[in-house]
């Protein structure tokens, strides 16, 4: 069975990459079968629970960052936050599929380190919040532009693994 525009779904699964659930289900149950999540996805479904946990993890990341920056020397706190982010992203990149604790650890560490980076720009370098907001906004827009240009999508549901490497927006 082939996924339109891609290699056969069985080859995708055998290589540990992704074929969409509708494509896999249609082979098993007929063409009318429907589902929305990619098989072997590395991200959770985006539901109300997802957003609730995302808000809580962001709040926790903010407070954890402030705690570390006020408890430790800022350079030590920043180094710990950076190391935590690097370690959590390494785990996420190596995960063969969505593993909740790994995914949410990475989300929390992005929040912790992102808050530390923003605080370092404002407090450490004396950049006003209005200016740093514009700079971070432009950097974010640049990331979205490059992601869209390279991958032809901004869909988080096309995050897959391929040959042990992390790829966004690619199907087998």
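Since every read-out is calculated from the coordinates, none of them should be taken as a lab result. Quick caveat, the model's predicted, so the values are computed rather than measured. Counting neighbours? That spans all protein chains shown, and the Cβs are built from the backbone with ideal geometry, glycine included.
Test each condition in (1) crowded, with 17+ Cβ neighbours inside 10 Å; (2) in contact with a helix residue (DSSP H, G or I) (Cβ under 7 Å, 6 or more places away or on another chain); (3) within 25 Å of residue 45 (Cα to Cα); (4) in contact (Cβ under 8 Å) with a residue 24 or more places away in the chain for residue 95 and report the one that comes out false.
(1)
Restricting the search to segment 40-51, which residues are assigned to a helix (DSSP H, G or I) and under 16 Å from the mean Cα position of the chain (by Cα)?
Within segment 40-51, 50, 51 meet the criteria.
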